[in-house]
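Structure record follows, encoded as structure tokens.
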């Protein structure tokens, strides 16, 4: 009889149900809203990379301009190097047509406001001796120092969007 009693008691394993397998989760096709978010993120990423690439190129051009100004041995060479540096930042059409007083006014306006008066005085003296065959060497050194200061202060702020806009 003992064997019969064991057979009549139900085993707890008999009460378990089969495992219910769910459908696999798919990521595609996504709702259209997710596609819009994805496209917007890709466009933003592309713009950030483009800005960083342009900034890196301009920083390399600043280094080249600094080297050219440092290597300049005359007033005219320093002046030419400054004009080439301006072509990097401002449109060629705007810079190429400037000569004499118009150039001085433009270049002075690219400096911080607090320094413009001092720069204008120095530039008037430099401009007067720019095309002389043998200008004073100290004037060339002063123009070179002024150009380097411009590259470091005024020109760098224009490149990073905080200076004078065209």
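Since every read-out is calculated from the coordinates, none of them should be taken as a lab result. For clarity, every value in this text was computed on a predicted model and none was experimentally measured. With ideal geometry, Cβ positions are generated from the backbone for all residues, glycine too; neighbour counts draw on all protein chains shown.
Quick notes on this one:
- Here the simple spin-label model places points 7 Å from the Cα toward Cβ, and for residue 59 and residue 13 these points are separated by 6.9 nm.
- Helix-only [θ]222 nm of the chain, DSSP H runs n ≥ 4, -39500 (n - 2.57) each, per residue, nearest 500: -21000 deg cm²/dmol
- Cα gyration tensor shape for the stretch 62-159, rounded if a/c is under 1.5, else prolate or oblate: rounded
- Per-residue Cβ neighbour rank within 10 angstrom, fewest leading, 103, 111: 103, 111
- Computed lengthening from residue 118 to residue 35, 0.36 nm per intervening residue step minus Cα-Cα distance: 24.2 nm
- Multiplying the residue separation of residue 101 and residue 21 by 0.36 nm and subtracting their alpha-carbon distance yields 20.4 nm.
- Shown is the FRET efficiency for residue 49 and residue 84, computed with R0 = 22 Å from the Cβ-Cβ distance and rounded to the nearest 0.05: 0.20.
- Packing here is the average count of other Cβ atoms within 10 Å per residue, and on that basis the peptides 89-98, 23-32, highest first, run 89-98, 23-32.
- Label corresponding to Rg/Rh (Cα atoms, Kirkwood Rh) when calculated from the structure given, among (i) 1.06; (ii) 1.68; (iii) 1.25: (ii)
- Inter-label distance, nm, simple model (7 Å from Cα along the C-beta direction), residue 42/residue 148: 4.9
- Ranked packing of 36-47, 60-71, 138-149, most packed first, by mean Cβ within 10 Å: 138-149, 60-71, 36-47
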